[in-house]
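FYI, it's all coordinate maths here, none of it is from the lab. Bear in mind the structure is a predicted one, so any value in this text is a computation, not a measurement. All Cβ positions, even for glycine, are placed from backbone atoms using ideal geometry, and neighbour counts span all protein chains on display.
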Amino acid sequence: MRRARFRAFIALDPTAADRAPSLRRRAEQYPDHTHALMVRAPSLRSPGRVRCFPAEICWDGEEPLHPGDRAEVTIAITDDETAAFFAAGQRFTLWSGGDIGHGTVTRRVFTEYSPY
């Protein structure tokens, strides 16, 4: 399996508690290097095909992300089909038991350790 890394801008959707203070409760939070979220994207090659990918999502900063936050992140996915689903400009959905946000790939990251 190949490991691919991408830079992306993401936005987490606000929760009902964020929109109505009377409903406020402990909001979900996502620490740096989280594996709690999946990314779902349509295929670049086969219209109508959509897949969810387990991912590691990292960002610069020590504070966790909360609903309503926006961030520039690095997404790492280990799967042989990533090239068919992710390229610069590709939009995707963040998923954790339901849609919780969205994002756009800005570029692919190549390192000296991984040409993929």
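Below are the figures for this structure:
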item	result
Mean Cβ neighbour count within 10 Å, used as a protection proxy, ranking 61-70, 44-53, 75-84 highest first	75-84, 61-70, 44-53
Whole-percent pair-distance distribution, where bins are 5 Å wide, for the alpha carbons of the range 3-109	2, 12, 24, 25, 17, 10, 6, 3, 1, 0
Sparse-neighbourhood loop sites, chymotrypsin sites (Phe, Trp or Tyr not before Pro) in the range 57-97 - DSSP loop, at most 12 other Cβ within 10 angstrom	none
Debye, to nearest 20: dipole size of the range 3-109, +1 on Lys, Arg Cβ, -1 on Asp, Glu Cβ	400
